[in-house]
Amino acid sequence: MSASHHLCYQETAGHPDDREAGQQWLSSKLTGLNSDQLLISSGAHSALFCLLSYLKRKGAKTIAAPEFSYPGLRAMAEQLQLDVVGISMDEQGIIPEQLQLQCAKQTIDVLYVIPNIDNPTTATLSVQRRESLISLANQYDMTVIEDDPYYQFIDEKLPSLYNMARDRTWHIATISKCLSPSLRVAYIASPNINDALGLTEEMRISHLMAPPLMTAVVSHWIRHHKIDEITQAIKTENIRRQSLAQSIFQQSDIASHPASPHLWLRMPHGYKALDFAEQASRIGVSIVPSTAFVMFRSRSQAVRISLGASSDYESLKQGLTLLSDLYRPGLIRSKTIV
C-alpha cells in the first residue's frame with residue numbers, strides 16, 4: 001500500500017492491507033483467521049468499550065470477570081449500565097467451579113478474561129482451565145471476550161480461547177505492551193462476518209477510525225519483522241526486571257511471571273492494600289492497590305507493582321528496595337482514623 005493511502009480517511013474497520021498485516025502478526029496464535037473478520041481499533045480500551053456497547057445492543061446485561069480485573073472494564077460497565085459479577089480466583093486465575101455456581105444463580109451473558117499473564121494478578125490459565133471455561137461458555141451460552149496483550153511474552157504457546165470457541169469468542173490484541181502504548185493500535189478478531197460488520201458500525205460512531213499513520217507504522221514493522229525484534233527486547237528487559245524484583249522480595253508473597261511487566265504483592269493477614277499504597281506514596285513510590293481492580297467486595301488484599309514505569313534500572317532497584325523495607329513485618333501499619 002502506498003504511503004498516500006494513510007493520509008486519507010480510512011475504512012472504520014481498517015484498510016484491507018493493514019488488516020492483512022494484523023492477520024500476519026496474529027497468525028501464530030489465531031489459526032485460520034480471515035482478515036475480513038479482523039478490525040483495527042484505536043487501542044484496546046476503545047476496542048473493549050465499543051465491543052461492550054455492541055453486545056449490550058444485542059441484549060447483554062451481565063458480565064462475569066475475575067474478581068481482580070482491568071479497571072477500565074468496571075468503568076465501562078457502569079457507563080453502559082451493565083452489571084459486572086466478580087468470580088473468585090486462585091493462583092491459576094479464574095476458578096471455573098465458581099463461575100459455574102454463579103451461572104446457576106443468574107444469567108451471565110459475557111465472560112471477560114485475560115488468559116496470559118493476567119493484569120493485575122499475573123496468572124496464566126492452564127489448558128485445562130481454558131477447556132473448562134469454554135465448556136461453561138457453551139453450556140450457558142456466554143459470549144467470551146479474550147483480552148490478550150501479553151501473549152508474546154509467554155514461552156509456552158497455549159491455545160487461544162478464540163481458537164477453542166470461535167463462534168462465541170471475541171479476541172482483542174493490542175500492541176501497547178509488546179511495542180508501545182503511544183501507538184494506539186489494537187486488533188479485534190470477531191466470531192463471524194456479521195458480527196464484524198455490526199461492531200464496525202459501533203466503532204464508526206465512537207472513533208470513526210484507528211489513527212492511520214500509527215497503523216501504517218505498525219503494519220510496516222509487522223511486514224519487516226521489526227515488531228518481533230522490539231517485542232523480544234521488551235521481553236528481555238521484563239525478565240531482567242523480574243529477576244531483580246525476585247532478588248529483593250525473596251521472602252514475600254509475590255505472584256509473578258518471568259516476563260511480566262508487573263507483579264502482584266499480597267498483603268499479610270490483617271493489612272490493607274490501600275494503606276500500604278498510601279505509605280509507599282509518601283516515600284515516593286507509586287503502586288496500585290487491589291481496590292482499583294476489584295470487581296466485587298473481596299477479602300484479598302494486594303498491590304500491583306509495575307516494573308516498567310521506571311525509566312532506568314537503578315531507579316527501579318531503589319524503588320523496589322524501599323517497598324521491600326516497607327513491607328517487612330512490623331513496618332506495615334494500618335491507617336489510624338481519629
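The values are calculated or read from the model by the stated rules, or taken from the named source; none is laboratory data. Remember, predicted model here, so these are calculated numbers, not experimental data. Here Cβ is always computed from backbone atoms with ideal geometry, including for glycine, and neighbour counts include all displayed protein chains. For accessibility, only protein heavy atoms count, side chains too; no ligands or nucleic acids. Shrake-Rupley method; radii C 1.70, N 1.55, O 1.52, S 1.80 Å.
Structure above, values below:
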item: Residue 157, sole failed condition from (1) modelled with pLDDT of 90 or more; (2) within 30 Å of residue 103 (Cα to Cα); (3) surrounded by fewer than 24 Cβ atoms within 10 Å (Cβ to Cβ); result: (1)
item: Among the candidates 57, 74, residue that is under 29 Å from residue 265 (Cβ atoms) and of a type in the set (Lys, Arg); result: 74
item: Residue 200 vs. criteria under 22 Å from residue 18 (Cα atoms), touching a Gly at 6+ places or on another chain (Cβ under 9 Å), in a helix (DSSP H, G or I) and touching a residue at least 40 places away in the same chain (Cβ under 8 Å); result: no
item: Matching entry among 221, 170 (being open to solvent by 60 Å² or more (accessible area, probe 1.4 Å) and of a type in the set (Phe, Trp, Tyr)); result: 221
item: Sole residue being open to solvent by 80 Å² or more (accessible area, probe 1.4 Å), of a type in the set (Lys, Arg), part of a helix (DSSP H, G or I) and in contact (Cβ under 8 Å) with a residue 12 or more places away in the chain, chosen from 235, 317; result: 317
item: Selected residue (only one of 241, 282, 266 is open to solvent by 40 Å² or more (accessible area, probe 1.4 Å) and within 23 Å of residue 118 (Cβ to Cβ)); result: 266
